[in-house]
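Participant: Mind having a look at this structure? Questions to follow.
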Amino acid sequence: MTDIYDPHRLNPVLFFQRMDASDTERRQHRNRIHVDLFVPYDQVHARIDAAVAAGGRTVTESAPRRTLIDREGNEVDIVTVHQA
C-alpha cells in the first residue's frame, strides 16, 4: 500500500487501506470510497454540519469517530484529534 502525503507536511495524509475480504456486502460496491478525516477537536462539529448540509447523513456518532455517508454510499469517518 502507498500513502499520499504533502512533502512539506502542510496538508493531510491520505492512507489507502485494504478492505477485509470477508466484508462481501461492502466489497460489492467497488466504486465507493471510505475516507478517514482527522480534524482538530474544535472543528469537528462544523465539519459534520457542513457534510449534512451538503446532503450527507450521520450513520454512527461515537466520539472520537463519527461516520457519515453521502447519497451514493461513500463513507467518511470524521475523527477528532484531541488537543494536548
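Participant: For segment 19-51, name all the residues that are part of a loop (DSSP other than H, G, I, E, B), under 23 Å from PRO64 (Cβ atoms) and modelled with pLDDT under 70.
Facilitator: MET19
Participant: Show the residue pairs meeting these rules: Cβ distance below 8 Å; 6+ apart or different chains; first residue within segment 35-60 and surrounded by 11 or more Cβ atoms within 10 Å (Cβ to Cβ); second residue among the aliphatic types (A, V, I, L, M) and in a helix (DSSP H, G or I).
Facilitator: So the pair list comes out as THR58/ILE48; THR58/VAL52.
The values are calculated or read from the model by the stated rules, or taken from the named source; none is laboratory data. Source: prediction; values computed, not measured. When we count neighbours, we look across all protein chains shown, and the Cβ atoms used for this are built from the backbone with ideal geometry, even at glycine.
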